[in-house]
């Protein structure tokens, strides 16, 4: 599932419609010489003569402004929710990668120690080989435990680094 920020313009349909109509009216005035504002004023004066009042037009404008405000609020709420989901997923992924890195690096450190001994010509005894085998199995168990997690909890790995909290029965 791909998460991306929602397109702002797709959530401002009322505002976009009003902007397009306004732009169209200005272009008609510029290119065709229509004095739409003068026409509007004369129509308002005519409406006033016919017992229509300006408040109907003001009410219409207020309704448009309320619609645009609602569009904006809904967009910001949706954007905030999506950003929180994205941030939570990123945090979870970072915790997971930090934990896996910690687990694998611990095993690699022990393997490098054994490699160093072997390069020095030191014969590994049965206990060291058994210990390496145990460490490999524990590493696999820890990674499997991460896979099986149902709840994400932080644990301090030291030096201000956080990882996943999980328990492995020994």
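Some points to look at:
Quick grid of which residues meet (1) under 30 Å from residue 19 (Cβ atoms); (2) over 20 Å from the mean Cα position of the chain (by Cα); (3) surrounded by 12 or more Cβ atoms within 10 Å (Cβ to Cβ):
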| site | (1), (2), (3) |
| --- | --- |
| 90 | no, no, no |
| 95 | no, no, yes |
| 116 | no, yes, no |
| 128 | no, yes, yes |
| 139 | no, yes, yes |
| 144 | no, yes, no |
| 148 | no, yes, no |
| 156 | no, yes, no |
| 166 | no, yes, yes |
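- Flag if residue 81 is over 18 Å from the mean Cα position of the chain (by Cα) and either without any contact (Cβ under 8 Å) to a residue 60 or more places away in the chain or surrounded by 13 or more Cβ atoms within 10 Å (Cβ to Cβ) (or both): no
- Counted residues, the stretch 1-34 - those being assigned to a loop (DSSP other than H, G, I, E, B), modelled with pLDDT of 70 or more and exposed (fewer than 11 other Cβ atoms within 10 Å of the Cβ): 1
- Check on residue 101, free of Cβ contacts under 8 Å to residues at least 40 places away in the same chain, part of a helix (DSSP H, G or I), surrounded by 13 or more Cβ atoms within 10 Å (Cβ to Cβ) and within 32 Å of the chain's Cα centre (by Cα): yes
- Any hit, the stretch 86-94, residues being out of contact with any strand residue (DSSP E or B) (no Cβ under 8 Å at 6 or more places or on another chain) and over 30 Å from residue 140 (Cβ atoms): yes
The values are calculated or read from the model by the stated rules, or taken from the named source; none is laboratory data. Values in this document were obtained by computation on a predicted structure and should not be read as measured data. Methodologically, a virtual Cβ is constructed for each residue, glycine included, from the backbone with ideal geometry; neighbour enumeration extends over all protein chains shown.
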